[in-house]
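Chemist: Have a look at this one before I ask anything.
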Amino acid sequence: TPEPLAKLAADCAGRGRDICAAAGLQFAAETWPDPLPEKMLPLCREDLLRAVENLFSNAARYSPAGGTVYFSARAEAGRLVLAVEDEGPGFSAEALAKAGRSFYTEDASRPQDGHMGLGLTTAAQTAKRHGGGLVLENTGRGARASVWLPLA
């Protein structure tokens with residue numbers, strides 16, 4: 001279904017705000033350009049929102065107590081980029097190489113805590129079904145996971 005970029009970004013931010021509030025974290029959001037272009041993006045809305053929720057859940061899991069999770073929605077170079085960044089330890093080299101594989105989890109204790117290593121896999125598959133992809137990277141303050149979708 002065609003979805004306006006601004007509404008999609010606002011809905012993603014709302015879900016991130018809720019996840020961060022439940023975890024006792026701060027939340028910051030921005031769009032670029034602001035406002036986003038008045039463009040419609042054909043997508044499966046709930047699948048995409050669920051994928052971005054997975055990114056927020058991971059960011060909340062690895063953020064320090066009282067930390068901030070950052071969300072940005074950018075329209076640039078023919079893409080919509082939905083990025084979630086935390087202030088945690090970042091991705092290890094192994095996680096950057098293997099993340100997105102089904103059931104991969106860097107922390108052996110995570111499966112007992114209900115984490116099965118499917119969140120990034122689901123996000124990557126959802127982005128791919130929409131013609132896009134998932135990018136994982138370390139930043140100067142933590143980790144960033146971005147789902148991108150083509151605008152054309």
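Chemist: Among the residues of the stretch 42-59, which ones are of a type in the set (D, E, K, R) and free of Cβ contacts under 8 Å to residues at least 60 places away in the same chain?
Modeler: R45, E46, E53
Chemist: Select the strands (runs of 3 or more DSSP E) contained entirely in the stretch 1-83, then report the ones holding at least 1 residues which are closer than 26 Å to R141 by Cα and out of contact with any helix residue (DSSP H, G or I) (no Cβ under 7 Å at 6 or more places or on another chain).
Modeler: Output list reads 26-32, 68-76.
Chemist: Collect the residues in the stretch 69-113 that are at pLDDT 95 or above, acidic (D, E) and open to solvent by 20 Å² or more (accessible area, probe 1.4 Å), keeping them in residue-number order.
Modeler: If the condition is that a residue be at pLDDT 95 or above, acidic (D, E) and open to solvent by 20 Å² or more (accessible area, probe 1.4 Å), then E87 is the only one that fits.
Chemist: Further, regarding this structure: Taking only pairs six or more apart or across chains, which ones have beta-carbon atoms under 9 Å, a first residue in the stretch 1-30 that is under 21 Å from L41 (Cα atoms) and without any contact (Cβ under 8 Å) to a residue 24 or more places away in the chain, and a second residue that is among the β-branched types (V, I, T) and open to solvent by 40 Å² or more (accessible area, probe 1.4 Å)?
Modeler: Final answer for the pair search is A10/T31.
Chemist: Also, quick follow-up: Tally up the residues in the stretch 135-152 that are over 10 Å from the mean Cα position of the chain (by Cα) and assigned to a strand (DSSP E or B), please.
Modeler: 5
The values are calculated or read from the model by the stated rules, or taken from the named source; none is laboratory data. Since this is a predicted model, take the numbers as computed values, not measurements. Note: ideal-geometry Cβ built from the backbone for every residue, glycine included; neighbour counts use all protein chains shown. Just so you know, the surface numbers come from the protein's heavy atoms only, side chains and all, with ligands and any DNA or RNA stripped out. Shrake-Rupley method; radii C 1.70, N 1.55, O 1.52, S 1.80 Å.
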